[in-house]
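Encoded as structure tokens, the structure appears first; notes follow it.
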Amino acid sequence: MTHPCDLSTLKEKMQGCESACIPLFEKGDTVGMVFDIQRFSLYDGPGVRTVVFLKGCPLRCIWCHNREGLSSKPQILFDHTRCIGCMDCVDACPEGCHLKVGEQHTFDRTACTACGSCAGQCCTGALRLAGMEMTPEEVMEQVLRDCGVYQASGGGMTLSGGEPFAQPEFALRLLRHAKEAGLHTAVETSGYTTADIIREAVSCTDLFLYDYKVTDPERHQMLCGVTNERILRNLKLLDTLGAEVILRCPIVPGMNDSLDHIRGIGEVAVAYGCIKAVHLEPYHRLGLDKAARLGQTDIFDTAPPGKDRMEQYRSSIEAHCGRPTYIDS
Amino acid sequence: MLDYTSVSEKLVLSDRMEKVYEDILPRLHKWEARESTLCAEMQPEGRDPFLDVFLEEPDTPYVICLAKAIVRSWLVTPVVIHPYEAVVGITRPTYPFLEHFSWGIVDHGYKADTMDPDELRRLSAAIGRMTQLDEDHRYRTAGAVFGPVIEDLKKEGLFTAGDYQGHTIPSYDTLLDLGLDGVLEKVRRYKAVNAHDAGTQDLYEAWEILVIGMSEYLMQYADEAARLAKTDTDPEQKRYHQQIAENCAFVAHKKPQTLYQAVQLMWCLSLWDWVDCLGRVDQYLYPFYKRAGTEPDVIDAEDAIVSIMFKLWENGAHNATLSGCGKDGGDATNELTFLFLQVLRRIREVYPRMAVRIREDADPKLLRLIVQMWSEGMCDPSIVSDTLVIPALQRLGVTLEDARNYATLGCQEIEVPGKCDLGCEDGIFNVAKAFEIAMRGGKSTKSDRQIGAKTKTFLECETFEEVYESFEQQLWHFLPIFTFICDRGQEERAANHAKLLKGIFTDGCLEKGIPHDAGGPIYNYGVVETAGVPPVADAMTAIKKLVFEEKKISKEQLQQALDANFEGFEKIRQMLLNLAPKFGNDDDEADAMACRVLDTFWDELAKYRSVRGGPYTGACSLLSAGVTFGAQMGAMADGRFAGEPLGNTMGPRPGADKRGLTAMLASVAKLPLHKGVGGTTLNVLLPQKFLADEQRRDAVAQTLRHYMRSGGQLAQITSADLEDLHDAKRHPERHGDLIVRVGGFSTRFVQLSDELQDEIISRYVREGL
């Protein structure tokens, strides 16, 4: 796989390799809603990767740790620990959501349109806008900055979210651009999308990091907001189309760590040859901070599963399906 | 161990070497000062043998006295052969400040106030024999040229100049190639050709005395080993002592034939060279190692290498370089490259520090072993880029063949072994202080006196370019003064024959009959350590954007905030921190500013040539200077409080980089590092946790490989976990083996000052670690 960029000129140009790559892309009027771009990610596919987080998700898993990814619209994140009470946001907000009460700053979200005016004025970064409209070219400009490292490490771009296929046209365009630039591509998906989109995606996606959350359909409906029939159908479709899949299974104590489900994971992995490995993702509590920044309280919270327990699950699944099974840290 | 490239297996020492290892361990903690670049405990009680010669022979020329003093100091050192060891020779009480630096003895290890009065008289008499050139002299001479402003500059924290110049790498190739008799013959050959005047005659005579002294020293060991062998009752020890006797007697004169002989001779020079830097050990020992494969030696090849490594370890050797290319430019990585790494990995120590040269086509096995060592909590080896360094040396006038042979030394400086008088640094220049002075229109930051060029103050500037111009003018104003004082330092060392021994093993000195520090070597470029560039760049970017472009902060507000050290101006500080981009995030605007600042300084610096004849080049591996200079700085427009450290490498300020390792490396790789080939290093934090699995270790290896070929120069790794650092502050006794990087040093965390410990912890602020 050769890279179209001339790496030797990168340093002189001091502008990443977009100068060489961007002209290859067909321009379109698609824009997407992106809430983060993380470089030097080592967890979401092979090699060194950049992960692009797309906003919007059709599922509502109660343990979700990326809550700013659920809504398809921009949202304001407020980290009160960083606020120094300068009150610049009070003047900036056209809707009067930011108020000075005594010496205290308060933020009432009811009228907030997430216009971002307050975040633009915030000098501490306490207020931040999650969700920016970006063109595929703008995203690729960021992604391709590490093209030399992808080439050296066999890495590339991973789409995550939210659910990337909730913005199908944008997601597919990014994947095609990345493929044209010679990058390895991966999508982290719930699989809750249409068969057509899956078919399209297979042509430009090297690896699907495919969620498998709950085996029992009714319980899936209860815990994730939708049933898993469509998800399983699409998994079968990926198998038929010869895609490469890693199964990703969140393990949330008391929610989906029943023996039935652990067995279910093994069975799915046995059923589909496209599944190369199984990754178990123990529940963690890092999402609670983010929820607080979104002004959400009453969020699901439980203790992460113990190491021994996780190792039991791992070895039993590996023994069942014969595919390498890992615990993600 | 059959495969030295293995990451899963560790080296298993032979029974004999295991015993030597156990024997070394209890000796190690005797020397707390090992970190202070002293090779043994300071001055012993009573008479100092080093001084005797100067007093006994008042009419003998200084340089000859110095040579005799060096030899005598070695010959009166007890001959000690430790049980089971194969390579022999122990360090002596050390006199490095006279021998290697040649500046003021008092206050540099010799304590005038606690010394025996008799001894102090002897010391003064010896000092009286030296050309009296010390710091006072440097600044007095500068004062005569530049006026009383020099006194102000001394206190300003703008630079230190002409102080310290220690390390260079002698030519171990020459030593192993000729043997001591061959070296002596070479000295005499050039003496016959060159010694036309008394000074040169004396110099050659001094060199002869030293080489003969080294032979005598080895013979002392041969004799002692033979004596021990006679009385040994244990047949094994008897055999060992016989071998040592034979080995030392052989290399006392003859050119070494076997690997065992080579490492013994090498250790003798290393000892006499202040256990300084070793150069490319895996290259010059390789022909002997290969021969060992076909011609059996009295000890096996692995034990020979372990033996020399143990000596370097116990005695705190500075630096050894591995891998890189051969004369033809091809990959010179060999079995010894891996074996040296494996021994270091086995002893898990900070000595000798090691650097591995990384080529574009670096052997993946080599990278894998390096990252494995980091993942086990070691900071060594550091890595250095052939891609950048070789052409950069050529820009300094080094030939391609010599450039290909470069090695690292000291605290990550770079030179051609056996051909340079690079030394350590000629001076350290604090670019941030120059900027602070520029903001004040050239006025001192400690008083109201005009100490720099008269330029517009920050408040008088109408545009950002005027601010920048004022900064440039201060640099142009100060650099002639700074380099003038650096030059005086070079003169001092030359006048007092600093590094007398190295002259014998440095190409050019014998041939020209010129001392090591007077321009004798083939290459004489000087090195200026550069402090404060990233904070200045970030301050400039913030001023440009927030004051002049977006007008979010007025000049007056900013000035007030800086004067008040942000007290009552937290909002301004937050704006400076968060609303302007910072170097280290692959942000083109911020990075371009860092490039501009560095270009401005290093391009101007490159116009100056030292008295030795070579150009000055930049460098950045600052040890504690980032802390001491920072302590003398006021608040800065990058949001930095007064007194905070400036950082000790060319990386972003701790915590300023928030976009991950690749973005940070991309930023640094944009810098014109080819203009600072004196050794410009970078701190990279890779906590052990982060390197926990193989996939991540591979990804890190590839990321750094890419950095090395896309414009990076040096990288030094700290792999300690943050929790351990915090715990080590509370319970130092539990964390004696916690190793971190400061400037070019890897060192034990618990031995550092509070300020340096905090500085290291603050690096972890970076997101995700």
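The values are calculated or read from the model by the stated rules, or taken from the named source; none is laboratory data. Since the model is a prediction, treat every value here as computed from it, not as a measurement. Backbone-built Cβ (ideal geometry, glycine too); neighbour counts: all protein chains shown. Note: areas computed on protein heavy atoms with side chains; ligands, DNA, RNA excluded. Shrake-Rupley method; radii C 1.70, N 1.55, O 1.52, S 1.80 Å.
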Just to be sure I understand: with springs between alpha-carbon atoms less than 10 Å apart, which residue in A:MET222, A:MET157, A:MET132 has the highest mean-square fluctuation in the Gaussian network model of chain A?
A:MET222
Taking the Cα of A:ILE327, stepping 7 Å toward and past its beta carbon, and measuring to each backbone N in the stretch B:694-712: which are under 19 Å?
B:694-696
How big is the stretch B:140-292 in terms of Cα radius of gyration and Dmax, in angstroms?
22.1, 73
In order through the stretch B:550-565: 3J(HN,Hα) via Karplus (6.51 cos²θ - 1.76 cosθ + 1.60), integer Hz, x for Gly, Pro:
8, 6, 7, 10, 7, 4, 5, 4, 5, 4, 4, 4, 5, 4, 8, 6
Kirkwood Rh, the stretch B:616-745, all Cα pairs: how many Å?
16.2
Give me the percent of DSSP beta bridges within the stretch A:42-163 that run antiparallel, rounded to the nearest 5.
55
Förster radius 45 Å - calculated FRET efficiency between B:ASP721 and B:MET219 (Cβ-Cβ, nearest 0.05)
0.35
Go through B:THR337, B:VAL742, B:GLY618 and say which Cα lies farthest out towards the positive end of the charge dipole of chain B; charges sit on Cβ, +1 for Lys and Arg, -1 for Asp and Glu.
B:GLY618
Report the antiparallel proportion of the DSSP beta bridges in chain B as a percent, rounded to a multiple of 5.
40
Between the stretch B:516-536 and the stretch B:68-93, how far is it from one alpha carbon centroid to the other, in angstrom?
34
Please compute the modelled spin-label separation between A:LEU288 and A:ASP108, points set 7 Å along Cα→Cβ, answer in nm with one decimal.
2.9
Ranked by GNM mean-square fluctuation in chain A (Cα springs under 10 Å), the top entry among A:PRO74, A:PRO304, A:PRO136 is A:PRO304
Per the helix-only calculation at 222 nm, which mean residue ellipticity applies to chain B, given -39500 (n - 2.57) for every DSSP H run of n ≥ 4 and division by its residues, nearest 500 deg cm²/dmol?
-15000 deg cm²/dmol
Using the Cβ atoms and a cut-off under 13 Å, what net charge is assigned to the surroundings of B:ARG188, where Lys and Arg are +1 and Asp and Glu are -1?
-1
For the stretch A:65-138 and the stretch B:567-634, compute the distance between their C-alpha centroids and round to whole Å.
34
Give me the compactness ratio for the stretch A:202-256, meaning the Cα radius of gyration over 2.2 N^0.38 Å.
1.23
Semi-axes of the equivalent ellipsoid of the stretch A:31-188: what are they in whole Å, largest first, if each equals the square root of 5 times a C-alpha gyration tensor eigenvalue?
34, 16, 14
GluC sites (Glu not before Pro) lying in DSSP loop within the stretch A:99-147, provided at most 10 other Cβ fall within 10 Å
A:GLU103
Calculate the length of the line joining the C-alpha centroid of the stretch B:238-312 to that of the stretch B:372-422, in whole Å.
24
At 1.4 Å probe size, what's the solvent-accessible area of A:TYR43? Round to the nearest 10 Å².
100
Potential lengthening between B:VAL193 and B:ARG227 on full extension [0.36 nm per residue; Cα-Cα distance subtracted]
8.0 nm
Dipole moment magnitude, nearest 20 debye, the protein assembly as shown about Cα centre, only Lys, Arg, Asp, Glu C-beta charged
1020
Rounding to the nearest 20 debye, state how big the charge dipole of chain A is about its Cα centre with +1 on each Lys and Arg Cβ and -1 on each Asp and Glu Cβ.
340
Accessible surface ranking that places the most exposed of B:ARG640, A:ARG293 first, with a 1.4 angstrom probe:
A:ARG293, B:ARG640
At most 15 other Cβ atoms within 10 Å plus a DSSP loop assignment makes a site exposed; report the longest stretch of chain B without any exposed GluC sites (Glu not before Pro).
B:46-359
Point-to-point label distance, B:LYS551-B:ASP448, nm (Cα→Cβ direction, 7 Å offset)
3.2
May I ask for the Rg/Rh ratio of chain B, computed from Cα atoms with Rh as the Kirkwood radius, given to two decimals?
0.97
Considering only DSSP beta bridges where both residues belong to the protein assembly as shown, give the percentage that are antiparallel (nearest 5).
35
Across the residues of A:140-150, average count of Cβ atoms on other protein chains within 10 Å?
4
Identify, among A:ALA178, B:THR387, B:PRO256, the residue whose Cα sits farthest towards the positive end of the charge dipole of the protein assembly as shown, taking +1 on the Cβ of Lys and Arg and -1 on the Cβ of Asp and Glu, with the dipole about the Cα centre.
A:ALA178
Quick one: among A:LEU235, A:LEU286, A:LEU127, which has the greatest mean-square fluctuation in a GNM of chain A with alpha-carbon springs under 10 angstrom?
A:LEU286
Using 1/(1 + (r/R0)^6) with R0 = 56 angstrom and r between the beta carbons of B:LEU120 and B:GLU511, what's the FRET efficiency to the nearest 0.05?
0.85
Charge dipole (debye, nearest 20) of the stretch B:537-626; +1 at Cβ of Lys and Arg, -1 at Cβ of Asp and Glu:
300
Heavy-atom accessible surface buried between A and B, both sides counted, 1.4 angstrom probe, nearest 100 Å², is 2400
What is the mean projected area of the alpha carbon convex hull for chain A, to one decimal in square nanometres?
18.5
State, to one decimal in nm, how far the label point of A:LYS276 lies from the label point of B:ASP15, with both points 7 Å from Cα in the Cβ direction.
5.0
Per-residue HN-Hα couplings for the stretch B:690-702 [Karplus 6.51, -1.76, 1.60; θ = phi - 60°; Hz; x = Gly/Pro]
5, 9, 5, 10, 5, 4, 5, 4, 4, 4, 5, 4, 5
Quick one: how many Å² of B:CYS325 are accessible to a 1.4 Å probe, rounded to 10?
0
For the charge dipole of the stretch A:39-170, defined by +1 on Lys and Arg C-beta atoms and -1 on Asp and Glu C-beta atoms about the Cα centroid, which residue among A:SER41, A:LEU77, A:CYS147 has the Cα displaced farthest towards the positive pole?
A:SER41
Whose amide H sits under 5 Å from the amide H of B:ASP638, counting only residues 5 or more places off or on another chain, with H placed in the peptide plane?
B:ALA539
